[in-house]
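Chemist: The structure is given below, and queries will be raised subsequently.
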Amino acid sequence: MICRNVCVSPNRRFLMLDDGTPFFWLGDTVWELFHRYSRSDIDLLLETRASQGFNVIQAVCLAEENGLLAPNREGNLPLIDLDPTRPDLKDGGYWDLVDYAIDRAASLGLYVALLPTWGDKILKAWGQGPEVFSAESAFVYGKFIGERYGSRGNIIWVAGGDRPTEDRADIFEAMALGMRAGEPVRRLMTFHPPGPHSSSEYFHDSEWLDLNMVQSGHGWFDTRSDLMVEADYNRLPTKPVLDGEPNYENHRPFKAIFDLKDPSIPAFCDRDVRRASYSSVFAGGCGITYGCHAVWQGAGPDYSPVNFPIGTWQQSLRLPGAEQVRHLKSLMLCYPYFERIPDQSLIVEGLGEGVATARACRDVDSSFAMVYLPTSRRCRLSMATQDASWFNPRSGDKTPAEPIDGYFEPPTSEDWVLVCGLLTA
């Protein structure tokens with residue numbers, strides 16, 4: 001399958017293919033894809049995600065989980081003597097598996113959002129490291145990545161890797177510039193920040209940064225990914241933004257893991273996934289990245305678990321949230337794509353507060369509107385409506401929505417999307 005290059009839309013708000021086709025980023029997080037997954041594992045993972053409607057896979061070359069010292073599933077390490085200017089390019093080695101995964105993804109129409117390295121190899125801060133990069137070696141290594149993978153049409157660059165820049169901003173930037181120097185075709189580039197932060201805090205004005213990425217993260221149930229996206233949506237110069245790491249399905253909140261140690265506190269579930277996804281997209285996001293706690297780390301009997309995963313990665317491939325996020329992409333692509341704008345003024349009553357805040361968007365001509373209600377309650381809009389329906393984010397089904405005395409009330413106690421035409425005259 002031919003994957004066309006992903007680029008920024010003319011209004012700088014969205015993504016599209018280079019032929020003008022709208023591109024809604026629906027990503028999955030598989031950080032350990034090249035490290036803990038075998039070729040048959042990669043096939044299963046990618047085939048499953050393609051069947052579920054995903055179009056982006058986020059993966060990292062120098063992996064987080066001891067990726068420099070623990071070999072991949074084929075027994076290979078990525079570097080010679082921990083030197084990032086000397087990738088081990090032997091036949092059948094580490095980089096051949098990376099090649100295989102990227103090319104297999106392309107055959108399924110999947111893009112790979114490729115991190116050259118996890119951030120602990122630049123700034124350990126926490127994690128395993130070791131730190132191996134200087135600005136000079138980061139540029140050389142980045143150029144190697146750009147030259148080796150920049151000719152592949154299904155590549156999106158991701159600098160960073162879950163670390164603040166602190167006194168290493170020059171190293172992070174050098175790697176990004178190295179990728180730019182090596183790529184034969186300009187590819188979309190973003191920066192993966194630590195949570196809860198955004199790439200805009202570090203590199204918003206950098207010419208190489210095309211797209212802002214937020215990590216709303218896994219802190220607690222009250223995290224407002226929509227507000228983080230909204231802040232970047234309003235920044236100048238205008239750049240697209242998405243939440244590239246919201247709460248992972250089946251991940252217990254960090255406060256529960258590290259502070260409370262209370263087993264009665266549940267893990268994030270599909271409802272949390274939907275809330276973060278719909279709220280951030282309706283706030284102006286150009287897409288969303290899903291994540292499952294067992295899948296990103298390749299959880300299984302061969303590896304020490306990271307932060308108490310629930311089940312193995314194989315058992316987790318078809319969790320409810322993973323099956324449901326495709327409906328958000330379908331909904332967004334059913335309506336004029338590049339004209340969508342967030343507009344909270346549409347909601348007169350039923351706005352809610354905190355994570356229960358409703359989120360509204362419409363097109364620039366006010367011909368249609370959508371309102372996401374994270375919790376069931378009556379709502380009233382500021383404009384007259386027509387052809388209203390309830391969109392079920394769990395199934396993708398629509399049912400008619402009839403206002404009563406000007407109020408819309410969802411059919412059940414779950415979250416719903418109100419979709420309607422607007423009457424402007």
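Chemist: Looking at Gly27, is it small (Gly, Ala, Ser) and touching a strand residue (DSSP E or B) at 6+ places or on another chain (Cβ under 8 Å)?
Modeler: Criteria met by Gly27.
Chemist: If you take the residues in segment 153-171 that are assigned to a loop (DSSP other than H, G, I, E, B) and out of contact with any helix residue (DSSP H, G or I) (no Cβ under 6 Å at 6 or more places or on another chain), which one is farthest from Asp81 (Cα to Cα)?
Modeler: Per the criteria, the residue is Gly153.
Chemist: Does Ile42 satisfy being in a loop (DSSP other than H, G, I, E, B), touching a residue at least 12 places away in the same chain (Cβ under 8 Å), farther than 20 Å from Val241 by Cα and of a type in the set (Val, Ile, Thr)?
Modeler: So Ile42 does not fit the description; no.
Chemist: Any idea which of Ala283, Ala299 is without any contact (Cβ under 8 Å) to a residue 40 or more places away in the chain and buried (at least 21 other Cβ atoms within 10 Å of the Cβ)?
Modeler: None of the other options fit; the residue is Ala299.
Chemist: Is it fair to say Leu418 is among the aliphatic types (A, V, I, L, M), within 24 Å of Lys329 (Cβ to Cβ) and in contact (Cβ under 8 Å) with a residue 60 or more places away in the chain?
Modeler: Taking the combined requirement at face value, the residue does not satisfy it.
Chemist: Right, another one. Identify all residues within segment 128-149 that are without any contact (Cβ under 8 Å) to a residue 40 or more places away in the chain, under 10 Å from Thr85 (Cβ atoms) and either in contact with a Ser or Thr (Cβ under 8 Å, 6 or more places away or on another chain) or among the hydrophobic types (A, V, I, L, M, F, W, C) (or both); write none if there are none.
Modeler: Correct list: empty.
Chemist: Quick one: count up the residues across segment 116-133 that are under 15 Å from Ala70 (Cα atoms) and among the hydrophobic types (A, V, I, L, M, F, W, C).
Modeler: Summing the residues that are under 15 Å from Ala70 (Cα atoms) and among the hydrophobic types (A, V, I, L, M, F, W, C) in segment 116-133 gives 1.
Chemist: Please state which one of Leu333, Leu373, Leu319 is farther than 30 Å from His35 by Cβ, touching an Asp or Glu at 6+ places or on another chain (Cβ under 9 Å) and not β-branched (Val, Ile, Thr). Even if it seems obvious, please write down each step before you answer.
Modeler: Values: Leu333 fails: touching an Asp or Glu at 6+ places or on another chain (Cβ under 9 Å); Leu319 fails: farther than 30 Å from His35 by Cβ.
Only one candidate passes the filter, namely Leu373.
Chemist: Is it fair to say Pro116 is buried (at least 21 other Cβ atoms within 10 Å of the Cβ), touching a Ser or Thr at 6+ places or on another chain (Cβ under 8 Å) and modelled with pLDDT of 95 or more?
Modeler: Judged against the criteria, Pro116 is not a match.
Chemist: Given the conditions (1) touching a Leu at 6+ places or on another chain (Cβ under 6 Å); (2) not in a helix (DSSP H, G or I), report the number of the one that Arg252 does not fulfil.
Modeler: Checking Arg252 against (1) touching a Leu at 6+ places or on another chain (Cβ under 6 Å); (2) not in a helix (DSSP H, G or I), the one that fails is (1).
Chemist: For segment 153-175, what are the residues that are free of Cβ contacts under 8 Å to residues at least 60 places away in the same chain and crowded, with 20+ Cβ neighbours inside 10 Å?
Modeler: Ile155, Trp157, Ala159, Gly160, Arg163, Thr165, Arg168, Ile171, Phe172, Glu173, Ala174, Met175
Chemist: Name the residue that is farthest from Pro194 (Cα to Cα), counting only residues in segment 106-152 that are hydroxyl-bearing (Ser, Thr, Tyr) and either in contact with a helix residue (DSSP H, G or I) (Cβ under 6 Å, 6 or more places away or on another chain) or not in a loop (DSSP other than H, G, I, E, B) (or both).
Modeler: Step one: filter segment 106-152 for residues hydroxyl-bearing (Ser, Thr, Tyr), giving 107, 111, 117, 134, 137, 141, 149, 151.
Now restrict to residues that are either in contact with a helix residue (DSSP H, G or I) (Cβ under 6 Å, 6 or more places away or on another chain) or not in a loop (DSSP other than H, G, I, E, B) (or both): 107, 111, 117, 137, 141, 149.
Numbers: Ser107: 31, Tyr111: 23, Thr117: 14, Ser137: 23, Tyr141: 22, Tyr149: 25 Å.
Only one residue fits best here, namely Ser107.
Chemist: Restricting to segment 77-118, count the residues that are over 21 Å from Gly150 (Cβ atoms) and either in contact with an Asp or Glu (Cβ under 9 Å, 6 or more places away or on another chain) or not acidic (Asp, Glu) (or both).
Modeler: 5
Chemist: Restrict the check to segment 297-307 and report whether at least one residue is in a helix (DSSP H, G or I), under 17 Å from the mean Cα position of the chain (by Cα) and modelled with pLDDT of 95 or more. Write out each step before concluding.
Modeler: Initially, segment 297-307 is screened for residues in a helix (DSSP H, G or I), giving none.
No, segment 297-307 contains no residue that is in a helix (DSSP H, G or I), under 17 Å from the mean Cα position of the chain (by Cα) and modelled with pLDDT of 95 or more.
Chemist: Output yes when any residue across segment 46-54 is assigned to a helix (DSSP H, G or I), assigned by TED's automatic domain parsing to the domain that holds Glu131 and among the charged types (D, E, K, R), and no when none is. Give the derivation first.
Modeler: Within segment 46-54, the first condition is being assigned to a helix (DSSP H, G or I), and the residues that meet it are 46-51.
Still in the running and assigned by TED's automatic domain parsing to the domain that holds Glu131: 46-51.
Now narrow it down to the ones that are among the charged types (D, E, K, R): 47, 49.
Within segment 46-54, one or more residues are assigned to a helix (DSSP H, G or I), assigned by TED's automatic domain parsing to the domain that holds Glu131 and among the charged types (D, E, K, R).
Chemist: Among (1) in contact with a Gly (Cβ under 9 Å, 6 or more places away or on another chain); (2) of a type in the set (Val, Ile, Thr); (3) not assigned by TED's automatic domain parsing to the domain that holds Ile42, where does Thr289 come up short?
Modeler: (3)
The values are calculated or read from the model by the stated rules, or taken from the named source; none is laboratory data. All values derive from a computational prediction rather than experimental measurement. Positions of Cβ are backbone-derived with ideal geometry, glycine not excepted, and every protein chain shown enters the neighbour counts.
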